[in-house]
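A short worksheet on the structure shown next.
The values are calculated or read from the model by the stated rules, or taken from the named source; none is laboratory data. All figures in this text were calculated on a predicted structure; none of them were measured in a lab. Every residue, glycine among them, receives a Cβ derived from its backbone with ideal geometry; neighbour counts consider all protein chains shown.
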Amino acid sequence: MLIIGGGCAGLSAALRLQQVLRPQLRDRRIDITIVEPQPYLTFQPLLAEVAAGSIDPRHVVVPLRTALPDCRVLTARVTRIDHASRTAWVDAAPRGELRLPTEVPYDVLVMAPGAVSRTAPVPGLAEHGMGFATVGEAVALRNHVLEQLDLASSTRDPALRQAALTFVFVGAGYAGVGALGELEDMARTATKGFHNLTPDDLRWVLVEATDRILSEEIPELATQTLAELRERNIDVRLSTTLESAVDQVMVLSDGGRFAARTLVWTAGIRPAPVLALTDLPLDHAGRITCTPTLRIANPDGTPLTDAWAAGDCAAVPDEAGQLCAPNAQHALAQAKLLAENLAAELAGQPLADYRPGDPACSTSLGLRRAVAHTRRGTRITGRRAWWLHRVRLLRRLPSRERRVRVLMDWVFGGLFPREVVSLGTIENPRAEFESGFRTGPGS
């Protein structure tokens, strides 16, 4: 059995398969191989708290080999999949190095490579923009924001100061809203350490192309979140796009034009590029077409043999015939059902359809601030919503040991003030050493 992807869906499916197929795995009647470019899962719903310094970055990653002792983990990239011949080709060489891909034959294929950030051909975006999908990006963004506060406090140039204190986020989905809310709260706290900065000096701009934030959320909660953001003087621009970021000057479609040294791009996702390297059927959005049982299906609806998919890469219909949104809540639920259906098929038992439960969504907006709604439809805000949001994240984090570590981070965070020190040098640890050669030996 071959699982492509070690993200939320891939790891969760493998964990469940370890449980339901443990006897077969132990006596080698079944082998499970996971192919993932990184040797760990990044639990993206917690990246905003990593950026705010509430959680140690190491605690939001789950090592695949530790979590899956009964599986074989290949840290490699998939270069091609030919399901007709039940063969995948993987390359374990670092990017940029040439090496002949290795053939990996399989009997059963599980596709769960997830999605990647969707970019746009905006002038200046590649040079000045920052992503927010990995632990490295979350840490880099935290360091960058704190460095801008240092710069603004030290410079005598009013234009440079204003640009350093202006922070622009493009994309008002879960990632963008959560990251902005947490970082705004952290920066507000950090200004207390500067004699010439106040929270009112900071300018936060959220740019969203549609007419609402949190488009996947119920309208009532999205409206409530928007109100919470605007109460904190966050400039939310709806039905607006970023037209240019050349020379760190933000040009918006609504006529806005201002300088900003921080540009964070969180404007949606797209299916993983590896899907284009397969012979599997894809829909118009590039996702794998699936039946409600999570089997990969041809365009006419007939399922492929020995092929399954779940998570952000899969176009899975719900009971109303609508495709499930690509988010962690669906990915985790689909992964569990996929594993159970796969085991049921091996045992000759009937399969179950994916039936999403009532949405239980929430969004953190900073320390002790959140908005959420319960499965009963009740909307709550403030500290109650914040606690509910954290409980949900702990339950979804697919590692008991990581849950304990994150919980301890939160406990200590409640006892001590936020740590607001920039460690930007960790992004280029050899800079100091290399500078010695530029100045000359012995100098």
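Check every one of the strands (runs of 3 or more DSSP E) wholly within the range 356-416 and list those with 2 or more residues that are of a type in the set (A, V, I, L, M, F, W, C) and farther than 27 Å from Val316 by Cα.
The qualifying strands (runs of 3 or more DSSP E) are 369-373.
Look at Val168 and say whether it is crowded, with 22+ Cβ neighbours inside 10 Å, touching a strand residue (DSSP E or B) at 6+ places or on another chain (Cβ under 9 Å) and assigned to a helix (DSSP H, G or I).
Taking the combined requirement at face value, the residue does not satisfy it.
Could you give me the residue pairs with C-beta distances under 8 Å whose first residue belongs to the range 388-410 and is within 13 Å of Pro57 (Cα to Cα), whose second residue is outside any helix (DSSP H, G or I) and among the aromatic types (Phe, Trp, Tyr) wherever it lies, and which are 6+ apart or on separate chains?
Here the result reads Arg402/Phe43, each pair linking the range 388-410 to a residue that is outside any helix (DSSP H, G or I) and among the aromatic types (Phe, Trp, Tyr).
Any residue in the range 92-111 that is assigned by TED's automatic domain parsing to the domain that holds Ala314, of a type in the set (Lys, Arg) and over 24 Å from Arg295 (Cα atoms)?
yes
To keep it simple, each residue is scored yes or no on (1) in contact with a Ser or Thr (Cβ under 6 Å, 6 or more places away or on another chain); (2) more than 25 Å from His330 (Cβ to Cβ); (3) free of Cβ contacts under 8 Å to residues at least 12 places away in the same chain.
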residue	(1), (2), (3)
Ile4	no, no, no
Gly10	no, no, no
Leu21	no, no, no
Asp27	no, yes, yes
Pro57	no, yes, no
Thr75	no, yes, no
Thr79	no, yes, no
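Between Gly366, Gly321, Gly268, Gly301, which is among the small types (Gly, Ala, Ser), at pLDDT below 90, in contact with an Asp or Glu (Cβ under 6 Å, 6 or more places away or on another chain) and on the phi > 0 side of the Ramachandran plot?
Result: Gly366 is the single residue among Gly366, Gly321, Gly268, Gly301 that is among the small types (Gly, Ala, Ser), at pLDDT below 90, in contact with an Asp or Glu (Cβ under 6 Å, 6 or more places away or on another chain) and on the phi > 0 side of the Ramachandran plot.
Could you grab me the full set of residues in the range 34-62 that are crowded, with 18+ Cβ neighbours inside 10 Å, of a type outside the set (A, V, I, L, M, F, W, C) and over 22 Å from Thr363 (Cα atoms)?
Glu36, Tyr40 - these are the residues of the range 34-62 that are crowded, with 18+ Cβ neighbours inside 10 Å, of a type outside the set (A, V, I, L, M, F, W, C) and over 22 Å from Thr363 (Cα atoms).
So Ser239 ticks every box in (1) touching a residue at least 12 places away in the same chain (Cβ under 8 Å); (2) surrounded by fewer than 23 Cβ atoms within 10 Å (Cβ to Cβ); (3) in contact with a strand residue (DSSP E or B) (Cβ under 9 Å, 6 or more places away or on another chain) but one. Which box is left unticked?
Single failed check for Ser239: (3).
Go through (1) surrounded by fewer than 15 Cβ atoms within 10 Å (Cβ to Cβ); (2) under 30 Å from Leu337 (Cα atoms) one by one and return the number of the condition Thr119 breaks.
Condition (2) is where Thr119 drops out.
Please determine, by comparing only the residues of the range 188-213 that are more than 22 Å from the chain's Cα centre (by Cα) and crowded, with 19+ Cβ neighbours inside 10 Å, which one is nearest to Thr240 (Cα to Cα).
Among those that are more than 22 Å from the chain's Cα centre (by Cα) and crowded, with 19+ Cβ neighbours inside 10 Å, it is Leu202.
Just the residues that are at pLDDT 85 or above and of a type outside the set (Lys, Arg), please, taken from the range 399-431.
Matches in the range 399-431: Ser399, Glu401, Val404, Val406, Leu407, Met408, Asp409, Trp410, Val411, Phe412.
Among the residues of the range 196-231, which ones are touching a residue at least 40 places away in the same chain (Cβ under 8 Å) and farther than 23 Å from Gly255 by Cα?
Within the range 196-231, Asn196, Leu197, Leu214, Ser215, Glu216, Glu217, Ile218, Glu220, Leu221, Gln224, Thr225, Glu228 meet the criteria.
Name, by its number, the condition in (1) farther than 22 Å from Met130 by Cβ; (2) touching a Lys or Arg at 6+ places or on another chain (Cβ under 6 Å); (3) surrounded by fewer than 22 Cβ atoms within 10 Å (Cβ to Cβ) that does not hold for Pro271.
(3)
Hey, can you tell me all the residues within the range 41-76 that are among the aliphatic types (A, V, I, L, M) and part of a strand (DSSP E or B)?
Leu41, Val61, Val62, Val73, Leu74
With within 28 Å of Val139 (Cβ to Cβ) and touching a strand residue (DSSP E or B) at 6+ places or on another chain (Cβ under 6 Å) as the only criterion, which of Pro303, Pro271, Pro281 stands out?
Pro271
Can we say Ala84 is assigned to a helix (DSSP H, G or I) and farther than 27 Å from Val391 by Cα?
yes
Got a sec? Which of Pro57, Pro45 is at pLDDT 90 or above, within 23 Å of Trp386 (Cβ to Cβ) and in contact with a helix residue (DSSP H, G or I) (Cβ under 6 Å, 6 or more places away or on another chain)?
On the way: Pro45 fails: at pLDDT 90 or above.
Matching residue, one of Pro57, Pro45: Pro57.
Go over the candidates Pro303, Pro292, Pro281 one by one and state the one that is within 30 Å of Ala343 (Cβ to Cβ), assigned by TED's automatic domain parsing to the domain that holds Tyr106 and in contact with a Lys or Arg (Cβ under 7 Å, 6 or more places away or on another chain).
Only one candidate passes the filter, namely Pro303.
Taking the range 302-332, which residues are free of Cβ contacts under 8 Å to residues at least 40 places away in the same chain, buried (at least 20 other Cβ atoms within 10 Å of the Cβ) and out of contact with any Leu (no Cβ under 7 Å at 6 or more places or on another chain)?
Cys324, His330
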